Protein chains: 2
Amino acid sequence: MHDIHEEEHFQSSDMVRDIVIGMADGLTVPFALAAGLSGAVDTNSIVITAGIAEIIAGSIAMGLGGYLAGKTEIDHYNSELKREYDEVEKVPEREKQEIRDVLADYGISKKLQDDVADELAQDKDKWVDFMMRFELSLDKPKPERARKSAANIAFSYVAGGLIPLSAYFFTEHPKDGLIISSVITIIALFIFGFFKSKVTGQPAIAGALRTTFVGAIAAAAAYYIASLIGS
Amino acid sequence: MHDIHEEEHFQSSDMVRDIVIGMADGLTVPFALAAGLSGAVDTNSIVITAGIAEIIAGSIAMGLGGYLAGKTEIDHYNSELKREYDEVEKVPEREKQEIRDVLADYGISKKLQDDVADELAQDKDKWVDFMMRFELSLDKPKPERARKSAANIAFSYVAGGLIPLSAYFFTEHPKDGLIISSVITIIALFIFGFFKSKVTGQPAIAGALRTTFVGAIAAAAAYYIASLIGS
């Protein structure tokens, strides 16, 4: 029961983390890009085309990039796992000393270090598990996560990016689009930052302000620099 | 000596990780955005303006966003640390049981679980350290990292993004810019992916192909969709 609960908790954290990663950038970067272009071009269609190109580029880079990074992490874990199995086989005394070193860092007495090392050494699977976690600080990655994670991140990026961009569909001129885009995106960033902080156990108002601040700074900087180039 | 070496190793990994994070996206997203716009607009100046707006937006979102995320991580660590200190003070028996549970997962005998728990409980700092690492899997964040990390990521994003964009400075038409941009960016992605894999201990050619693949897919998708909208 305890294990099942832990597992659920972890799964939902993973998904929340994916949505947070995708949406944080999805709300911020297309918003700032559109704001930047609004200061430099005269037609909404260019802002929309650039915004959609950015959303596609960003969601693929984050989603597919994240998927392949997850695959790489699994390969890395498996190659370290194989190496640890080799080491407990070939240099067991050195590996037992590493157990003692880990325990010594926590002030465990010499006698207990030896006893724990002796017991761990009787079961090679547990021994290797211990080394992976406590010597290498590697947690076992979940293979099925990589694909789901990629889809969650990409989808959240698209969903986030369409919020600032939507304002340009319903306005005539980029300057009007920018005003409406800024209002709805600032609100969206605040709400998103609030819930993001809630689910990660942080002070919610401070988190909401922080998220909004990053988006506003990025948009203002892009607008300012793009107007300089465009003029 | 051992500690100093470990520390150096970790520091350099952090910096390499920052550069990898910033440059992977910096090469990919501005490349794909510029490619997308090349399929939809007729003048290089729009591609360049949009590209620069994207580079500014992306580098601020990643850099400043990463900086604030690092700050949040430190807050999170400190609040969990405080909670663990409270718990070993107020519910020491429950916390000692948690030590035994951790050890039981590794097949350590009941007697040794008790002995280790008793020894750990004699030094509250070590005890809390043990719980942070083995119960909560939290490593102590380095406060000075957050700022450096933000600067590294932002700078790498800008450096990466200027590579694909540079082609549009020296060509007359977006179609020509796109061809040159694709050639230099594909080469840059391959070289970057190769070194990224080397420093992270992965098969280098496979990693280079993977990185190049993500960039090419993102650019092709952005180009295709933007031409549909732009036409």
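The values are calculated or read from the model by the stated rules, or taken from the named source; none is laboratory data. From a predicted model like this one, the values you see are computed outputs, not experimental measurements. No Cβ is skipped: glycine too gets one built from the backbone with ideal geometry, and neighbour counts run over all protein chains shown. With ligands, DNA and RNA removed, areas are computed over all heavy atoms of the protein, side chains included. Shrake-Rupley method; radii C 1.70, N 1.55, O 1.52, S 1.80 Å.
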Everything considered on the Cα gyration tensor (a ≥ b ≥ c; rounded for a/c under 1.5, else prolate if a/b is larger than b/c, else oblate), chain A must be described as prolate
FRET efficiency, 1/(1 + (r/R0)^6) with R0 45 Å, evaluated for B:ASP176 and A:ASP105 via beta carbons
0.15
Extension gain, B:ALA159 back to B:ASP114 (0.36 nm per residue minus Cα-Cα distance, nm):
10.6 nm
The percentage of the accessible area of chain B (probe 1.4 Å, all protein chains present) made up of carbon and sulfur atoms, to the nearest whole number, is 63 percent
To the nearest 20 debye, region B:27-90 has a Cα-centred charge dipole, built from +1 on Lys and Arg Cβ and -1 on Asp and Glu Cβ, of 220 debye
Within region B:110-222: Cβ-based charge dipole about Cα centre, in debye rounded to nearest 20 (Lys, Arg +1; Asp, Glu -1)
320 debye
Per-copy distances of the A:SER13 label point, shortest first, in nm (7 angstrom along Cα→Cβ)
2.0
For A:ILE191, which inter-copy label distances result when the label point lies 7 Å beyond Cα on the Cα-to-Cβ vector, reported in nm to one decimal and in ascending order?
4.6
At 222 nm, what value in deg cm²/dmol follows for the protein assembly as shown if DSSP H runs of at least 4 each add -39500 (n - 2.57) and the sum is divided by all its residues, to the nearest 500?
-30000 deg cm²/dmol
Size of electric dipole in region A:26-174: Cβ of Lys, Arg +1 and of Asp, Glu -1, about Cα centre, debye, nearest 20:
460 debye
Positive-pole candidate from A:LEU27, B:GLY161, A:LEU178, dipole of the protein assembly as shown, charges at beta carbon:
A:LEU178
Enter the mean number of other protein chain beta carbons within 10 Å of the beta carbon of each residue in A:60-72, as an integer.
5
Measuring from a point 7 Å out along Cα→Cβ, what nm distances, shortest first, does A:LYS90 have to its partners in the other copies?
5.1
Averaged over peptide B:37-50, how many Cβ atoms belonging to another chain are found within 10 Å of each residue's Cβ?
5
